[in-house]
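The values are calculated or read from the model by the stated rules, or taken from the named source; none is laboratory data. Just so it is clear, the structure is predicted and the values come from calculations on it, not from any experiment. With ideal geometry, Cβ positions are generated from the backbone for all residues, glycine too; neighbour counts draw on all protein chains shown. Just the protein is used for accessible areas: all its heavy atoms, side chains included, with ligands, DNA and RNA removed. Shrake-Rupley method; radii C 1.70, N 1.55, O 1.52, S 1.80 Å.
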Amino acid sequence: MFKNPLLLKIILVFTLPAVGILFFSTKLVMEKLDNTKGINRTIDNVMYMDYAQSLIHSLQKERGLSVVFTESRKFSKKLNNQRKITSEKFNKFLRYSNTFIKKSNENSNIELIIKDIQNNFYILEKIRSNIDNGSIDSYKVLDFYSNLNDKLLNLIMSLKTIKTATNFNEEFKNIYHFLIYKECSGLERAAISKLILNKKLDAKLQKKLEEIDIVKKININYFMNNSTVELQNIYNTSESYKLKNKYDSYKKDIISNIAHNNVNVDITQWWNISTKKVDFLNNAYNTMLNKLDNIAQSATKKAFVEQNISVFYLFISFVTLISLFFLLKNIILNEQESYEKIEKQKRVYELLNQTNKQLLKKSTKNELYDEIHEIISQNPSMVFSFIYDLEEDDKQNRIYGKDGEIKDILKESLIGDLEKLDNLLTRALRWKTNVIVKNFRKTNISVFSDYGKKYGIKSAASFPIKKFGEQVSVLVIYSNELNFFDYEVEILFDQMIFDVTHYLEKYDYEKIRIKQEEQLKIASVAFESNEPMLITNQNIEIIEVNQAFCNVMGYTKKELLGRNPNLFKSLHQNRNYYDDMWRVLGINDFWSGEIYNKKSDDSIIPLRLSITAIRNNENEIINYLGQYIDISEIKDREEVLEYQATHDNLTGLPNRLLLLDRIEHAITKVIRHKNVGGLIFIDLDNFKTINDTMGHDIGDILLIEVAKALRNVIRSEDTVSRIGGDEFIVLTDYIGKDKDEAKQNIKVLAQKIKHALNSIEYINGFKNISTPSIGITLFTDSSISVKDIIKQADTAMYAAKKQGKNTIEFFN
């Protein structure tokens, strides 16, 4: 039929456009259905986020109440009520989680997280019991609740993003950072409560508060920089500013009072203020979640409308195609009758010769085999043909042929052990040559022997198909003519098999070539990326480096080839570090970590290094691939943060935190060397008067000048620190071999300090009315704590003030 040009033109002109429209319509519908399904998940994600945050908020309040109760046994009634609320919230969250997982087909990772959270709630009952009987430390209480909230927050973040809902994903992420900010506020409420009840600011709690403050700033800055104006306005209300200012001011006063031993702080007032802020953040979050839900609802409606339009378009396309098929059916049937009368007059040899010319136009083996059956089926002398493919692993899929009853019989007959069967196929497999059956009724060697009369089969033949000398398939053909496969026809089919073999070999060569080119291209692009890389042989000799590595390390490629990477080794890491690296690499074939390398100019650069061992087919290591990332900027930022945490912002002097650490080291040194250390406490007289009359700017200038004067007076090994508004401390870890010598030396130093500070006559044009009151204490061992040493110097300073100010007193 398809050899008739007229019929082919009719089909091409009428059906191809309709089929194309139907195809693209179907594709459009599937895309819209997938889009609608994805968009619908946004609503589920919003609901899931709501349940999770409701539980987080309840846990935040229970955490704070638990810390207060652990420290003071206060708020017991509030705590019991909050526990009931938390348990109810958890049960609701758990029920919805099970529904959510089944509905959205979320990955097993979320199920594992939920199971982990559920296990933590079983532990929570024990924690509550320990809180009630006073057998648990408040730090452990704080950490447990915070860890549980972190798991819930991570669970929210692990929800699958909706690739068709970009706006929703962005706002979802922004609100997530707002939740982390809110969690930090709740954690701060509990930590400050502990501070109030403990009435002292120890190093652990201070570090905790500083960490909370950093995380708060990072997440609220992310939210403010990335969220829409609409979400920012929900947070940036007048009530928000008032609450923030009141909250920050009260928090600062609490920390300052406790740091100065003023312990009269009301826990109830702090709890009410901080809870009001956390509740405000929760209300703001709920409003944001409503906005996010509106986005999801709007996107869902839009997706539903687009889906209905695409389905309607598909329906129109399908009706059009069916109409065309009915029209073509009548045309083809009429034309086919006359075409078959002419086709019968053509010689079979011409038909087979034309089919052989078409074989090499197919792009895959499957298309080739299908084309062979299609061409053979066009010949009225052919009943059926099939190809048995030995390269296919699944025996059910080895048979290529037109679907139908004959193919079903073949599958059922050939499913067993072929070595036990004797037919056209198995003989061709054993003999690896053509097998011809001239008279099907006389030679009974086919699975269709019993069906020959039913299907009109009178002769048959099988032709082995080889590739690179190995038999890969067998072509079997059945004809309705006796002795159809004579000598000339067999030669013609042999030529066709030869062409098929040539095509299969060429196709395999082309696949190998394309794969090799792709691999080489990928390897080339990857190696010459901006990421520094090098490759060594098994003897750890550099055999290849990319330009990025040369740029970072300052070497040329020629200078590095053949060298050992220990050329870059610095003294920053010891031998044990490198031994451990090679041990891990030997076990896992991979190692990753931070390393400090020496560049060509001997400068040190911090890098993150990943080493991968490459093995051959014999499992022998033949190469090592090193991939580097420059982390200099990260290290620089860490140093800046560390400096800001340990130094006074105004004067640049070490702050109280760094001073305490250096006093600890000083005590260790005086014990080791058996000498005397000293501490000088300096308070500026009349400093408050300067601030009140001349202004805080003048007061700041005075403090900066005092810091400069103190730096100029002390020795390079001494430490000068600003620990408060107008309070300075000078630490010297060696001031004399014994107390008498130390007392004389430190008195001289104190007098120099007094003279230097009294020499500041004017401050930005104003007369300086400030004088120093100086207190001194000495220490020789660790019998007195760091805080007590500072307190001794502070006591001596107050004694100096009582003597009329601008004087020096020793602690007695």
Item to check | Among (1) part of a strand (DSSP E or B); (2) open to solvent by 30 Å² or more (accessible area, probe 1.4 Å); (3) touching a Lys or Arg at 6+ places or on another chain (Cβ under 8 Å) - the single one GLU809 does not satisfy | outcome: (3)
Checklist entry - Mind checking whether some residue in region 291-308 is open to solvent by less than 80 Å² (accessible area, probe 1.4 Å), at negative phi, assigned to a helix (DSSP H, G or I) and modelled with pLDDT of 80 or more? => result yes
Checklist outcome for this item: When every residue in region 534-569 that is in contact (Cβ under 8 Å) with a residue 60 or more places away in the chain, in contact with a Phe, Trp or Tyr (Cβ under 8 Å, 6 or more places away or on another chain) and in a helix (DSSP H, G or I) is compared, the one least open to solvent (accessible area, probe 1.4 Å) is PHE549
Checklist entry - Any residue in region 280-287 that is β-branched (Val, Ile, Thr), touching a residue at least 24 places away in the same chain (Cβ under 8 Å) and part of a helix (DSSP H, G or I)? => result yes
Checklist entry - Does at least one position in region 570-591 carry a residue that is open to solvent by less than 30 Å² (accessible area, probe 1.4 Å), out of contact with any helix residue (DSSP H, G or I) (no Cβ under 6 Å at 6 or more places or on another chain) and within 22 Å of ASN530 (Cβ to Cβ)? => result no
Checklist entry - Taking the condition among the β-branched types (Val, Ile, Thr) and either over 29 Å from the mean Cα position of the chain (by Cα) or in a loop (DSSP other than H, G, I, E, B) (or both), does ILE587 pass? => result no
Item to check | Residues of region 608-624 satisfying the condition of being without any contact (Cβ under 8 Å) to a residue 60 or more places away in the chain and assigned to a strand (DSSP E or B) | outcome: ARG608, LEU609, SER610, ILE611, THR612, ALA613, ILE614, ARG615
Checklist entry - Would region 716-735 turn up any residue that is of a type in the set (D, E, K, R), closer than 16 Å to PRO654 by Cα and open to solvent by 70 Å² or more (accessible area, probe 1.4 Å)? => result yes
Checklist entry - Can you find a residue in region 713-729 that is in a helix (DSSP H, G or I), of a type outside the set (A, V, I, L, M) and in contact (Cβ under 8 Å) with a residue 12 or more places away in the chain? => result no
Next on the checklist: So the check is Cβ under 8 Å with 6+ separation or different chains; which pairs have a first residue in region 368-379 that's closer than 22 Å to GLU505 by Cβ and a second one that's part of a helix (DSSP H, G or I) and open to solvent by 50 Å² or more (accessible area, probe 1.4 Å)?
Outcome noted: GLU371/GLN358; ILE375/GLN358
Checklist entry - Does ASP579 fit the bill of being of a type outside the set (Ser, Thr, Tyr) and within 15 Å of ILE540 (Cβ to Cβ)? => result yes
Checklist entry - So which pairs qualify, if the first residue must be in region 742-761 and without any contact (Cβ under 8 Å) to a residue 24 or more places away in the chain and more than 12 Å from THR732 (Cα to Cα), the second must be hydrophobic (A, V, I, L, M, F, W, C) and open to solvent by less than 60 Å² (accessible area, probe 1.4 Å), the Cβ gap must be under 9 Å, and the two must be at least 6 apart or on different chains? => result HIS755/VAL713
Next on the checklist: Any residue at all in region 762-778 that's open to solvent by 60 Å² or more (accessible area, probe 1.4 Å) and within 16 Å of PHE728 (Cβ to Cβ)?
Outcome noted: no
Item to check | Identity of the residue in region 686-710, surrounded by fewer than 19 Cβ atoms within 10 Å (Cβ to Cβ), β-branched (Val, Ile, Thr) and touching a residue at least 24 places away in the same chain (Cβ under 8 Å), that ends up farthest from LEU650 (Cα to Cα) | outcome: THR689
Checklist outcome for this item: Note on GLY652: of the conditions (1) small (Gly, Ala, Ser); (2) open to solvent by 20 Å² or more (accessible area, probe 1.4 Å); (3) farther than 30 Å from LYS747 by Cα, unmet is (3)
Checklist outcome for this item: Screening ILE180, ILE218 for residues that are free of Cβ contacts under 8 Å to residues at least 24 places away in the same chain, under 21 Å from the mean Cα position of the chain (by Cα), open to solvent by 20 Å² or more (accessible area, probe 1.4 Å) and within 30 Å of LEU658 (Cβ to Cβ) leaves only ILE218
Item to check | Subset of region 661-679 [open to solvent by 40 Å² or more (accessible area, probe 1.4 Å), more than 10 Å from PHE779 (Cα to Cα) and out of contact with any Gly (no Cβ under 8 Å at 6 or more places or on another chain)] | outcome: ASP661, ARG662, GLU664, HIS665, THR668, ARG672, HIS673, LYS674
